[in-house]
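First comes the structure, then the notes that go with it.
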Amino acid sequence: MELFTWLKGKLLAALHAFKQWLVMVLCCLPSGSNEAEAQTKDIERQLHKEKKKLRQQVRILLLGSGESGKSTFIKQMVIIHGAGEFTADEVRSYRQQIYQNVISAMRVLVDARHKLGYEFENKSLEKRLPVLMTITISDLLKGIDQSTFGEVAPLISDLWMDASIKQTFDQRNLFQITDSCSYFFNNMSRVAAPEFQPTTKDILFCRKATRGITEHMFEIQKVPFRFIDVGGQRSQRQKWFQCFTDITSILFMVASNEYDQVILEDRRTNRVVESRSVFETIVNNVAFQNVSVILFMNKSDLLIEKVPKSDIRKYFSDFNGDHRNVRDVQYFLVDKFERSRKERHRPFFYHFTTAVDTENMRRVFRDVKEVILKRNIEQLNMQ
Ligand SMILES: Nc1nc2c(ncn2[C@@H]2O[C@H](COP(=O)(O)OP(=O)(O)O)[C@@H](O)[C@H]2O)c(=O)[nH]1
Ligand SMILES: [Mg+2]
């Protein structure tokens, strides 16, 4: 009996303790869930802030065929809205790249001169050629140092002075050569000097093919602008599709001076025709229904030089303006792009640009930025 009473006492005490614990839990529960609620709200607020930041961010995709000027545009953004100058490492790497540009271009000219059947004016040049022509592609890819460049520089300068090379250069629409090589050939005494340090202008004229995708951030009027630069060659274009989400705007670059040239990839298709067909795919893509596509008819400086020398009617039989008038040629080309749009009621933005000219880019980008920011605000309001 005593055992029973003892057990009953223990049981009651245990029950009492359980009841007290339960009351405590029940009492605590509302204040605990408040805390959890507050925490959730905090996280939500944070998420909302992040989302807003992400939505405020302007993402600009640079598209267009190889050598149209996309990477040059990015360099201008560094100059105008970024650090303003290039780092010592970048300058060093551009120096090597300029040596490479100069050597490759002169090799192309020497080969093309041979194919075109022009004789050297200065007969001694033929004997000196091996020092330049024995440099292999792999040497070029590894990078050319100053001493190697110093060995070939006098020959390159003499070749550039030769009438046969000048004649070949005038026929450059028949073969593939980078536009800016003449800029460096005309500056050979400076470029060949052992103490050569590329200037900002040299860097703008230096050609380096973009492989893969590179992103560049700049803060402009307190808004983060992210520029996405991609390789433009046919082989690089499948990579474009990875960059198609959350795009605010597309800057589509066209080298307008290329109306008398064919593409490197098949050596048949007219470069402007190729560029227009890529533009057509992009501008009519459903993924970009709400994206403003801005066309840059670039390389206006080279177009101005070319128009009097190369008759556009030879390449575009539908040209019906004055073939010697630069404006007529520019509007004819821009019209070709404009007409490739299916939804022609949508606004169409275009600019005639010279990407190597910082003042021109500053002016053009000021207008472009306004269009982009206005659209971005409209879209934020719609969300
Ligand atoms: N003269 C001139 N050269 C340009 C212009 N835009 C770009 N270039 C040159 O064209 C070459 C190819 O430009 P790049 O920006 O690398 O083209 P991307 O392949 O589209 O990135 C470089 O050597 C540039 O210096 C321009 O408006 N005028
Ligand atoms: Mg590039």
**Given (1) open to solvent by 50 Å² or more (accessible area, probe 1.4 Å); (2) touching a Leu at 6+ places or on another chain (Cβ under 9 Å); (3) farther than 27 Å from R363 by Cβ; (4) at pLDDT 95 or above, number of the condition R313 does not satisfy** = (2)
**Message:** Which of the numbered conditions does R344 fail, given that it passes all the others? Conditions: (1) assigned to a loop (DSSP other than H, G, I, E, B); (2) touching a Lys or Arg at 6+ places or on another chain (Cβ under 7 Å).
**Reply:** (2)
**Message:** Contact list please: Cβ distance under 7 Å, first residue in region 299-311 and farther than 16 Å from C181 by Cα, second residue part of a loop (DSSP other than H, G, I, E, B) and away from ligand 1 (no atom under 15 Å from the Cβ), pairs at least six apart or on different chains.
**Reply:** V307/R324; P308/R324; D311/H323
**Asked** When L116 is evaluated against the numbered criteria (1) modelled with pLDDT under 95; (2) open to solvent by 50 Å² or more (accessible area, probe 1.4 Å), which criterion, by number, is the only one it fails?
**Response** (1)
**Request:** Sort through A105, A112, A88 and tell me the only one that's in contact with a Cys (Cβ under 6 Å, 6 or more places away or on another chain) and more than 30 Å from F244 (Cα to Cα).
**Result:** A105
**Message:** For region 134-204, give me every one of the helices (runs of 4 or more DSSP H) that falls completely inside it and has 2 or more residues that are among the β-branched types (V, I, T).
**Reply:** 146-161, 163-170
**Request:** Residues being over 17 Å from S317 (Cα atoms) and surrounded by fewer than 24 Cβ atoms within 10 Å (Cβ to Cβ): count how many of those fall in region 253-267.
**Result:** 5
**Item:** Residues of region 344-383 satisfying the condition of being free of Cβ contacts under 8 Å to residues at least 24 places away in the same chain and more than 30 Å from K201 (Cα to Cα)
**Value:** R344, H345, R346, K374, I377, E378, N381, M382
**Request:** Return yes or no: is F184 farther than 27 Å from A83 by Cβ, surrounded by 15 or more Cβ atoms within 10 Å (Cβ to Cβ) and not assigned by TED's automatic domain parsing to the domain that holds E67?
**Result:** no
**Message:** Any residue at all in region 77-86 that's open to solvent by less than 80 Å² (accessible area, probe 1.4 Å), of a type in the set (D, E, K, R) and modelled with pLDDT of 80 or more?
**Reply:** no
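State yes or no: is N173 within 29 Å of the chain's Cα centre (by Cα), more than 16 Å from ligand 2 (Cβ to nearest atom), open to solvent by 30 Å² or more (accessible area, probe 1.4 Å) and modelled with pLDDT of 95 or more?
Spelling it out, it is not the case that N173 is within 29 Å of the chain's Cα centre (by Cα), more than 16 Å from ligand 2 (Cβ to nearest atom), open to solvent by 30 Å² or more (accessible area, probe 1.4 Å) and modelled with pLDDT of 95 or more.
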**Prompt:** From the list E305, E343, which one is away from ligand 2 (no atom under 16 Å from the Cβ) and farther than 30 Å from Q171 by Cα?
**Reply:** E343
**Complete:** Of E126, E90, E67, the only residue that is part of a helix (DSSP H, G or I), acidic (D, E) and within 16 Å of ligand 1 (Cβ to nearest atom) is E90
**Request:** Give the residues of region 186-216 that are within 16 Å of ligand 2 (Cβ to nearest atom) and among the acidic types (D, E), sorted by residue number.
**Result:** E215
**Item:** Odd one out for I137, checked against (1) under 29 Å from T72 (Cα atoms); (2) open to solvent by less than 70 Å² (accessible area, probe 1.4 Å); (3) among the hydrophobic types (A, V, I, L, M, F, W, C)
**Value:** (2)
**Request:** Considering only residues that are more than 16 Å from ligand 1 (Cβ to nearest atom) and in contact with a strand residue (DSSP E or B) (Cβ under 8 Å, 6 or more places away or on another chain), look in region 54-64 and name the one that is modelled with the lowest pLDDT.
**Result:** Q56
**Item:** Count of residues meeting criterion [within 16 Å of ligand 1 (Cβ to nearest atom) and not charged (D, E, K, R)] in region 190-212
**Value:** 11
**Asked** Being among the charged types (D, E, K, R), part of a loop (DSSP other than H, G, I, E, B) and in contact with a helix residue (DSSP H, G or I) (Cβ under 8 Å, 6 or more places away or on another chain), is that true of even one residue in region 212-225?
**Response** no
**Message:** Quick check on region 248-278: of everything there that is out of contact with any Phe, Trp or Tyr (no Cβ under 6 Å at 6 or more places or on another chain) and among the hydroxyl-bearing types (S, T, Y), which residue is nearest to D170 (Cα to Cα)?
**Reply:** S256
**Prompt:** Looking at (1) closer than 30 Å to T358 by Cα; (2) away from ligand 1 (no atom under 16 Å from the Cβ), which is the one condition that is false for T134?
**Reply:** (1)
**Asked** What single numbered condition from (1) of a type in the set (A, V, I, L, M, F, W, C); (2) more than 16 Å from ligand 1 (Cβ to nearest atom); (3) in contact (Cβ under 8 Å) with a residue 40 or more places away in the chain fails to hold for V108?
**Response** (2)
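The values are calculated or read from the model by the stated rules, or taken from the named source; none is laboratory data. In this text, all values refer to a predicted model and were calculated from it rather than measured experimentally. Every residue, glycine as well, gets a Cβ built from its backbone with ideal geometry; the counts of neighbours run over all protein chains shown. Just so you know, the surface numbers come from the protein's heavy atoms only, side chains and all, with ligands and any DNA or RNA stripped out. Shrake-Rupley method; radii C 1.70, N 1.55, O 1.52, S 1.80 Å.
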